[in-house]
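What follows is a short report on a single structure.
The values are calculated or read from the model by the stated rules, or taken from the named source; none is laboratory data. Model, not experiment: these values are computed from the prediction. All Cβ positions, glycine included, derive from the backbone under ideal geometry; neighbour counts span all protein chains shown. In case anyone asks, the SASA skips ligands and DNA or RNA and just uses the protein heavy atoms, side chains included. Shrake-Rupley method; radii C 1.70, N 1.55, O 1.52, S 1.80 Å.
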Amino acid sequence: MSCNQTKNPLQVEVFETSANGNKLTQITDFQPVDTVQATIKLLPEQTFQTISGFGGAFTESSAYLLNKLSKANRDTILKAYFAKDGARYSLTRTHMNSCDFSLSQYSYSPVEGDKNLEHFTIQDDMDDLIPMIKDAMAVSEDGFKIFASPWTAAPWMKDNNAWVGGKLLPEYYDTWALFFSKYIDAYKKEGVEIWGFTVENEPHGNGNNWESMHFSPKEMTDFVEFHLGPKLEADGYGDKIILGYDQNRAGLKEWVDEMYRDEASSKYFDGTAIHWYESTYDYFPEALQYAHNKAPNKYLIETEGCVDSEIPVWQDDAWYWKKEATDWGWDWAPEDQKHLHPKYAPVNRYARDIIGCLNNWVDGWVDWNMVLDTQGGPNWFENWCVAPVIVDPAKDEVYFTPLYYTMAHFSKYIRPDAKVIGVENSDDTLMVTAAQNPDGSIAVVVFNEFETPKTISLSLNEKLVEFKIDAQAIQTIVIPN
């Protein structure tokens, strides 16, 4: 579609999700434009990071719920996430051993003192997790990458002999490195290729709530440099990606300084993994810029984010756009950090964070659980959260929340190996990012979180198109090659 008002129209397709009810709806009716409020100029000659992908996490909870649904609904959800006419997820995460979004606590190394892991088994993943991953693989035409994250080693390898907290005992550093290698082997046997790992989910811990294992920046870097990196290399897995850190962004500086302290350590780290839980509105651009500048040729991937400490709201799209929807963090944050956790709209948090990340060198963005129930579980710790798709297994009902469409605005149209490109944007109330795909097409994502529609003039080279974005709306504008 193009706008007839200009002599040299730019051909575009526009897709919108809005508080007014659009759900990745193609906008075809371009009304004549009186006044342009925002001018966006694309600069494809300016290129930034290469995209690794967008997606979500395979958890035991999500997989278990899919198994509780009818085959028709299970297929609908997997296609919505992975098929060509769905969100086309390209980068995904899963957990090694159990996590909070597991039905119970388990480890692949159940036998105490088994230093050589002769009893290593992924039996716990065979009923739910692996079938979900394999069914997603069958649905995905383009394929997707999977990285795995451990929450903790088995208690017998730790100094506190517990699932929660504590540190890995030095005498088990080599056993724990072997664990990663055995995991690749076991999953490969099931037909699932693992792309890489984060070394440890949330190494600062999580307030001693659910599975965790603590590392300081030096401890993690030493483990990777002297144990995990060499072990994977020795076993023929030197090509597997290793991402360090894997927690909130404000801590980035001290971690990347240590991870990339010298060539010997940098050699084994392929990049840095980050989460978003520090703030409900700040995406920490300075920290992201610092991490990129420290290691400009390494990955910088957002590996987890969700609307947490919240029971999902069922079949009420308006809630997901409401500024006063949820106030995660306000209750427990110390006084000096309460300002980071005001009430917020879930859609705003996702759209703002993903665009903010893309404009600050982040190359991949991975959501947390793909599917949860109406309680925000199952979760053995009762740490309820929201997912883009909510199901009621008792009634065999499925609800695609506005968060599903928000994710799809990026995952469907910005493909792996796309390059983020330069943008000039005259309106600082609109958030804008753009990327050029390997096929030459360009995807521009615009987010208007405010209550008034805006008129946009978008230009590329000498061509121009004018159109409106609704109030409280996300648009993806696709410019074919």
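What value, in deg cm²/dmol to 500, does the helix sum -39500 (n - 2.57) over DSSP H runs of n ≥ 4 give at 222 nm once divided by the residues of the chain? Rounded to the nearest 500, it is -6500 deg cm²/dmol. Average accessible surface for the chain: 37 Å² per residue, computed with a 1.4 Å probe over protein heavy atoms with every protein chain in place. Fully extending the segment from Lys84 to Glu254, taken as 0.36 nm per residue of separation minus the present Cα-Cα distance, adds 57.2 nm. Averaging Cα coordinates gives a centre for segment 10-67 and one for segment 449-477; these two points are 12 Å apart.
Couplings for segment 206-218, taken from phi via the Karplus curve 6.51 cos²θ - 1.76 cosθ + 1.60 with θ = phi - 60°, read 9, x, 6, 9, 9, 3, 7, 8, 8, 10, 7, x, 5 Hz in order; Gly and Pro are left as x. Got a number for carbon plus sulfur as a percent of the chain's accessible area, 1.4 Å probe? Roughly 47 percent of what the probe reaches on the chain is carbon or sulfur. Our note on the geometry: Cα centres of segment 268-301 and segment 140-209, 21 Å apart. Taking θ as phi - 60° and the Karplus parameters 6.51, -1.76 and 1.60, the scalar couplings of segment 180-193 work out to 5, 5, 5, 5, 4, 4, 5, 5, 4, 4, 8, x, 10, 8 Hz in sequence order, x denoting glycine and proline. Here's how it looks for Thr92: its modeled amide H is under 5 Å from those of Lys145, Ile146, Phe147, which are all 5 or more places away or on a different chain.
What ranking do 474-481, 311-318, 334-341 get when scored by the average of other Cβ atoms within 10 Å per residue, highest first?
Working: 474-481: 19.9, 311-318: 15.9, 334-341: 11.9.
By packing density, highest mean first, the sequence is 474-481, 311-318, 334-341.
Grab the beta carbon distance between Asp396 and Glu263, set R0 = 51 Å, and tell me the FRET efficiency rounded to 0.05.
For R0 = 51 Å, the calculated efficiency reads 0.35.
Amide H contacts of Thr39 (H built 1.01 Å from N, in plane; Pro and chain starts excluded): Ser426, Asp427, Ser457 sit under 5 Å, all sequence-distant by 5 or more or on other chains. Between Asn116 and Gln26, take the C-beta separation as r, use R0 = 51 Å, and let me know the FRET efficiency to the nearest 0.05. The formula returns an efficiency of 0.35 here. Note on segment 245-364: Lys pairs 8 or more places apart or on different chains, Cα atoms under 18 Å apart, count 7. Using θ = phi - 60° in the Karplus curve 6.51 cos²θ - 1.76 cosθ + 1.60, the 3J(HN,Hα) couplings for segment 350-365 round to 5, 4, 5, 5, 5, 5, x, 5, 4, 7, 9, 6, 6, 10, x, 9 Hz; x is entered for Gly and Pro.
If you take every DSSP beta bridge fully contained in the chain, what fraction is antiparallel? Give it as a percent rounded to 5. Don't skip to the answer; put the middle values down first.
Details: 45 of 83 bridges.
Counting only bridges with both partners in the chain, antiparallel ones make up about 55 percent.
The lysine pair count for segment 43-177, using Cα distances under 16 Å and pairs eight or more places apart or on different chains, is 7. A probe of 1.4 angstrom, applied to the heavy atoms of all protein chains, finds Cys357 with accessible area near 0 square angstrom.
Pairwise inverse Cα distances across segment 253-334, averaged and inverted, put the Kirkwood hydrodynamic radius at 15.4 Å.
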